[in-house]
Amino acid sequence: MLGQIIYALPFLAEGFALTLWVSFLVVLFSLMAGVILGVGLVYGPVPLRWAVRIFSDTIRGIPILVLIFFVYYGLPAIGLHLPSFWAAVTALTLFKTAQVVEYLRGAVGSIPRGQTEAAMAIGLTFRQQLTSVIFPQAFRRFLPPWINGVTDAVKGSALVSLLGITDLMQAINQVIGRTYEAMPLYILGALIYFAVNYTLSLASRRLERRFTFIRE
Amino acid sequence: MATNTQEIPALLDVRDVSKAFGTVQVLRSVSLKVSRGEVVTVIGPSGSGKTTLLRCVNFLESYDSGSIRIDGKEVGFREGGSRQRRGERDLAAMRAETGMVFQSFNLFPHLTAAGNIMLGLTKVRGKSTAEARSIAEHWLGRVGLGHKADSLPAELSGGQQQRVGIARAVAMEPKILLLDEITSALDPELVGEVLEVVRGLAQDGMTMVMVTHEMAFARDASSRIVFMADGGVSAIGPPRDILAAETDNERLRSFLARFRASHF
Ligand SMILES: Nc1ncnc2c1ncn2[C@@H]1O[C@H](COP(=O)(O)OP(=O)(O)O)[C@@H](O)[C@H]1O
Ligand SMILES: [Mg+2]
């Protein structure tokens, strides 16, 4: 039994690499899109705020599984054919983006109005106000839920196996199909996911401590 | 002796500025000229529009009609009376010429005292970090906080924070400094040290418009006092005229009477 698992390890490693790759892409894209849309939600003109609000509320109201199937099987109806990998990444990114929007809104919204006014008063442009005054302060608030979201993304990436993509989850299932050793392999899988997410949590806590400054 | 009959153009020229928040008329045709080097204090009951007036001067707040000029340049709107708002960069550049000190300090809590002062110097004035640091240290020395350059705001007393707030504003070498009840959030024993700094700036010729409830300071340090009531300038003149108990301005008299009753 152990022999069979060891034999399967390179295959599992490939699946694991794909899991990390999907997670990384989703986290990266959703961070960029979420921060931009979040800034639009907080500072944008009213129509933009509404658009982001509707986007965020809609996406967050849909089960992620439905979102994945919708992008993969639904979008071809309007002529958008995405290969399964990119369909999965797109769906997970949409989902995560909506969350990042909310984290950003919460974090930026917690900064008192006077900070922006003081930044304006010394002549900072909007972009400088954000990068030098608002974001550094909002960062500490943004980080914990966001890292939480990153661990969610790693876990959620297992759903891509439903589109037949060989990520860690799918690799485990396939090895089980060949070896009939379900329990040890699921335990191994659980341990790998746990190890990744535990590492992320630790990193998060260290980061948070580093960005602690005392508020008046 | 020059016999110059030409009027010296005011550094700050507020003309017929009106502003409403919704249906509430907050400023009613306010006009005010402030010359270079002048210290003007603004007094008046709460809600009379003092803060709003200051905020209009550096365009933290827009206004509905009238004009505000600093050094001849229209604030907020493009030249030519089109009432077209200036672009974002243009506004930022204009605001850099106007210093503002807030009642609630509004220091940047993630930056040290020196960092608070250096931010505008590096980002807006384009100074190197070393240059900015030495300017920050100079001003911190001027406000008596030379030893606190590397302290975070949270590690400073209210009076110290406000002195950093003043240093942050003046380090930008603004043409005019706006101060909005800068001692109102302070414990009484800390008011003096902050006013002392303002006095020093006045002696150096800094042009200032200062909203305050410190009547003794207004009397001693300002060249003119503006009394605002109900969104308008109700009285304006040298301290001895405005603070005279026998003024025939009904509103001013009752304001001063109430003020004296509650503060002395
Ligand atoms: N952002 C705002 N929205 C609506 N009303 C406001 C706003 N800011 C100030 N006001 C109102 O404008 C009036 C003048 O306020 P303010 O300029 O702060 O007076 P002061 O500084 O003399 O106490 C008050 O009635 C106040 O409630
Ligand atoms: Mg006020």
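The values are calculated or read from the model by the stated rules, or taken from the named source; none is laboratory data. Here the structure is a predicted model, which is why all the values come from computation and not from measurement. Backbone-built Cβ (ideal geometry, glycine too); neighbour counts: all protein chains shown. All accessible areas refer to the heavy atoms of the entire protein, side chains included, with ligands and DNA or RNA removed. Shrake-Rupley method; radii C 1.70, N 1.55, O 1.52, S 1.80 Å.
For this structure, a couple of remarks:
- Screening the stretch A:105-127 for residues that are part of a loop (DSSP other than H, G, I, E, B) and either at the interface with another protein chain (Cβ under 7 Å from one of its Cβ atoms) or of a type in the set (K, R) (or both) and picking the one that is nearest to A:Y43 (Cα to Cα) gives A:T125.
- Test: residue in the stretch B:222-229 that is within 16 Å of ligand 1 (Cβ to nearest atom) and within 14 Å of another protein chain (Cβ to nearest Cβ): no
- A Cβ distance below 8 Å, combined with a sequence gap of six or more or placement on separate chains, defines the contacts here; from the stretch B:76-90, residues that are within 14 Å of chain A (Cβ to nearest Cβ) reach residues that are assigned to a loop (DSSP other than H, G, I, E, B) and open to solvent by 60 Å² or more (accessible area, probe 1.4 Å) in the pairs B:R85/B:R78; B:R86/B:R78.
Residues are listed down the side, and each one gets a yes or a no for (1) over 24 Å from B:A216 (Cα atoms); (2) within 16 Å of ligand 1 (Cβ to nearest atom); (3) open to solvent by less than 30 Å² (accessible area, probe 1.4 Å):
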residue	(1), (2), (3)
B:I43	no, yes, yes
B:G81	yes, no, no
B:G87	yes, no, yes
B:M94	yes, no, yes
B:L119	yes, no, yes
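- Summed over the stretch A:143-158, residues that are open to solvent by less than 20 Å² (accessible area, probe 1.4 Å) and farther than 15 Å from A:V196 by Cα total 1.
- In the stretch B:163-190, the residues that are within 13 Å of B:M208 (Cα to Cα) and small (G, A, S) reach residues that are within 16 Å of ligand 2 (Cβ to nearest atom) and assigned to a strand (DSSP E or B) with C-beta atoms within less than 7 angstrom, at least six apart or across chains, in these pairs: B:A169/B:M100; B:A169/B:V101.
- Among the residues of the stretch B:63-75, the ones that are assigned to a loop (DSSP other than H, G, I, E, B) and open to solvent by 40 Å² or more (accessible area, probe 1.4 Å) come to 3 in all.
- For the stretch B:203-237, residues that are open to solvent by 50 Å² or more (accessible area, probe 1.4 Å) and not hydrophobic (A, V, I, L, M, F, W, C) total 9.
- Residue within the stretch A:71-89 that is touching a Leu at 6+ places or on another chain (Cβ under 6 Å), farther than 23 Å from A:Y193 by Cα and assigned to a helix (DSSP H, G or I) present: yes
- Residue count for the stretch B:138-154, restricted to those that are open to solvent by 50 Å² or more (accessible area, probe 1.4 Å) and closer than 18 Å to B:P174 by Cα: 2
- Residue check for A:V27: modelled with pLDDT of 95 or more and crowded, with 17+ Cβ neighbours inside 10 Å: no
- Residue match in the stretch A:33-47 (condition: of a type in the set (F, W, Y), farther than 27 Å from A:N197 by Cα, outside any loop (DSSP other than H, G, I, E, B) and free of Cβ contacts under 8 Å to residues at least 40 places away in the same chain): no
- When residues of the stretch B:151-181 are limited to those that are charged (D, E, K, R) and within 8 Å of chain A (Cβ to nearest Cβ), the one farthest from ligand 2 (Cβ to nearest atom): B:E155
- The set of residues in the stretch B:56-75 that are of a type in the set (S, T, N, Q) and either within 13 Å of ligand 2 (Cβ to nearest atom) or within 14 Å of chain A (Cβ to nearest Cβ) (or both) comprises B:N58, B:S62.
The rows are residues; the columns are (1) modelled with pLDDT of 95 or more; (2) hydrophobic (A, V, I, L, M, F, W, C); (3) more than 9 Å from ligand 1 (Cβ to nearest atom).
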site: B:G22; (1), (2), (3): no, no, no
site: B:S31; (1), (2), (3): yes, no, yes
site: B:S35; (1), (2), (3): yes, no, yes
site: B:T51; (1), (2), (3): yes, no, no
site: B:R55; (1), (2), (3): yes, no, no
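- Residues in the stretch B:92-114 that are in a loop (DSSP other than H, G, I, E, B) and more than 16 Å from ligand 2 (Cβ to nearest atom): B:A96, B:E97, B:L107, B:F108, B:P109, B:H110, B:L111, B:T112.
- Residue within the stretch B:199-212 that is of a type in the set (K, R), away from ligand 2 (no atom under 16 Å from the Cβ) and out of contact with any strand residue (DSSP E or B) (no Cβ under 8 Å at 6 or more places or on another chain) present: yes
- Residue match in the stretch A:159-173 (condition: in a loop (DSSP other than H, G, I, E, B) and either open to solvent by less than 10 Å² (accessible area, probe 1.4 Å) or within 14 Å of chain B (Cβ to nearest Cβ) (or both)): yes
- Residue count for the stretch B:17-55, restricted to those that are of a type in the set (A, V, I, L, M) and within 15 Å of ligand 2 (Cβ to nearest atom): 8.
- Residue list for the stretch B:238-253, restricted to those being open to solvent by 50 Å² or more (accessible area, probe 1.4 Å) and under 20 Å from B:G47 (Cβ atoms): B:E250, B:R251, B:R253
- Only one of the listed residues (B:S134, B:S157, B:S184) is more than 16 Å from ligand 1 (Cβ to nearest atom) and either more than 27 Å from A:T131 (Cβ to Cβ) or open to solvent by less than 40 Å² (accessible area, probe 1.4 Å) (or both). That residue is B:S157.
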